[in-house]
1. Can you tell which of 398, 379, 414 is assigned to a loop (DSSP other than H, G, I, E, B), in the same structural domain as residue 78 (by TED's automatic domain parsing) and at pLDDT 95 or above?
2. Residues that are in a helix (DSSP H, G or I) and touching a residue at least 24 places away in the same chain (Cβ under 8 Å): does the stretch 24-34 have at least one?
3. When the residues of the stretch 325-366 are narrowed to those that are part of a loop (DSSP other than H, G, I, E, B) and over 24 Å from residue 165 (Cα atoms), which ends up nearest to the ligand (Cβ to nearest atom)?
4. Residue check: is residue 300 more than 19 Å from the chain's Cα centre (by Cα), over 23 Å from residue 185 (Cα atoms) and either within 16 Å of the ligand (Cβ to nearest atom) or at pLDDT 95 or above (or both)?
5. Pick from the stretch 197-243 the residues that are without any contact (Cβ under 8 Å) to a residue 24 or more places away in the chain and more than 16 Å from the ligand (Cβ to nearest atom): which of them is nearest to residue 167 (Cα to Cα)?
6. Does residue 126 satisfy the criteria of being more than 16 Å from the ligand (Cβ to nearest atom), more than 29 Å from residue 251 (Cα to Cα), free of Cβ contacts under 8 Å to residues at least 12 places away in the same chain and touching a strand residue (DSSP E or B) at 6+ places or on another chain (Cβ under 9 Å)?
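The values are calculated or read from the model by the stated rules, or taken from the named source; none is laboratory data. Everything quoted here is computed from the prediction, not taken from an experiment. Please note: Cβ atoms are built from the backbone with ideal geometry, for glycine as well, and neighbour counts cover all protein chains shown.
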Ligand code: NAP
């Protein structure tokens with residue numbers, strides 16, 4: 001280990017915390033400094049009542065809502081070295097716990113299993129303003145802003161790990177006439193509770209996970225009706241009464257939405273469930289990931305190492321679209337910590353070899369069409385990473401659970417959470 005090695009981790013959500021956790025597991029740990037703009041760890045799992053900006057005037061990071069339950073079984077979210085049963089001392093019953101339970105569980109691993117005080121590595125309420133790389137010194141200049149004191153300082157690092165997440169910068173496309181819509185227009189990032197839409201007819205634009213969840217929340221909170229407008233493929237869900245699917249929005253006139261099939265409807269509010277942008281605005285341009293979203297970013301070797309920066313010093317954790325979420329992220333973090341510390345001797349690849357590897361996975365990712373295909377893809381990526389690190393091979397065993405979960409969702413979207421799965425990690 002080089003004496004001067006200094007690693008900057010940006011973000012203390014699940015991705016950043018997995019990175020700190022895996023550094024802490026190694027026989028020797030470099031100097032690691034983590035910056036987190038929120039006052040606490042947990043990233044998007046923290047709920048805030050605020051929308052728009054936080055108490056410091058910074059964009060609110062988390063799009064968490066009040067009554068969120070996980071949309072994937074918790075048995076797919078637990079760790080080989082820390083399970084829900086171990087954390088709570090018993091089987092907690094449901095497979096789809098609330099956000100509070102998930103955060104408590106994850107914080108339990110970070111506190112009880114890390115072997116050192118990870119909080120001491122984190123500068124809370126500190127936002128990273130800029131990251132610039134200098135070839136000559138082979139180091140990064142990171143400008144950070146302490147939001148409590150207002151202090152701005154410049155730090156030097158040999159390595160940077162970007163773990164800020166990809167679900168915090170809303171993608172908010174415009175639609176003709178929406179600027180004159182006579183009602184509320186909001187992005188799902190700012191959705192807090194279905195009760196806000198009581199007695200309303202609500203249009204959701206987008207038909208993915210946020211739309212599903214929000215449609216159900218609104219109807220169970222006294223909403224009159226919800227229209228889910230899809231763009232590419234109709235979800236064809238077996239919705240409960242009051243929720244219908246429609247094709248794309250063509251335009252708005254007053255409170256009326258016109259769809260591309262020529263039909264129309266009067267609605268009171270619009271929620272853009274149109275996902276997020278993969279943006280890291282604090283990075284100098286040449287260090288940014290080009291692709292908007294992908295199940296495998298072409299520029300990232302092993303889903304982590306930023307290939308265009310030849311010296312192998314910049315890493316992204318959790319920059320992929322997810323199904324396996326925290327377990328895939330954990331495997332990528334384990335690989336990254338070991339790689340940075342030189343513990344993966346077979347990984348001294350040329351840029352061309354790294355790019356060939358990434359092109360292969362990226363090519364496979366582009367072919368994915370269904371949830372079972374995505375599940376199989378991510379399970380094989382986990383196996384590939386675990387083959388290098390000897391960590392996390394078990395996570396691939398979640399694949400059949402995800403396939404089962406997908407069948408449940410197709411059978412009845414309002415009832416898939418009734419299924420209780422068995423843990424393959426705690427018996
Ligand atoms: P997402 O999965 O990226 O989906 C974005 C949706 O917006 C897609 O349906 C997409 O349609 C649509 N869209 C994008 N641009 C559009 C446009 N110009 N016009 C019309 N539609 C457009 O985003 P998300 O649903 O917000 O989910 C983000 C993440 O949060 C996921 O990982 C999800 O699992 C997670 N989440 C979890 C929970 C939970 O745990 N309970 C709840 C909500 C979300 P196309 O696919 O046709 O492009």
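1. 414 is the lone residue from the list that is assigned to a loop (DSSP other than H, G, I, E, B), in the same structural domain as residue 78 (by TED's automatic domain parsing) and at pLDDT 95 or above.
2. So far as the stretch 24-34 goes, yes, one or more of its residues are in a helix (DSSP H, G or I) and touching a residue at least 24 places away in the same chain (Cβ under 8 Å).
3. By that ranking, first place goes to 344.
4. no
5. 242
6. For residue 126, the condition - more than 16 Å from the ligand (Cβ to nearest atom), more than 29 Å from residue 251 (Cα to Cα), free of Cβ contacts under 8 Å to residues at least 12 places away in the same chain and touching a strand residue (DSSP E or B) at 6+ places or on another chain (Cβ under 9 Å) - is not met.
Condition check ((1) within 16 Å of the ligand (Cβ to nearest atom); (2) modelled with pLDDT of 95 or more) across all residues:
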site: 63; (1), (2): yes, no
site: 71; (1), (2): yes, yes
site: 85; (1), (2): no, yes
site: 101; (1), (2): yes, yes
site: 110; (1), (2): no, yes
site: 120; (1), (2): no, yes
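Okay, residues lined up against (1) under 27 Å from residue 386 (Cα atoms); (2) touching a helix residue (DSSP H, G or I) at 6+ places or on another chain (Cβ under 8 Å); (3) surrounded by 15 or more Cβ atoms within 10 Å (Cβ to Cβ); (4) not assigned by TED's automatic domain parsing to the domain that holds residue 398:
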site	(1), (2), (3), (4)
67	no, yes, yes, no
72	yes, yes, yes, no
78	yes, yes, yes, no
113	yes, yes, yes, no
127	no, no, yes, no
136	no, no, no, no
149	no, no, no, no
153	no, no, no, no
162	yes, no, yes, no
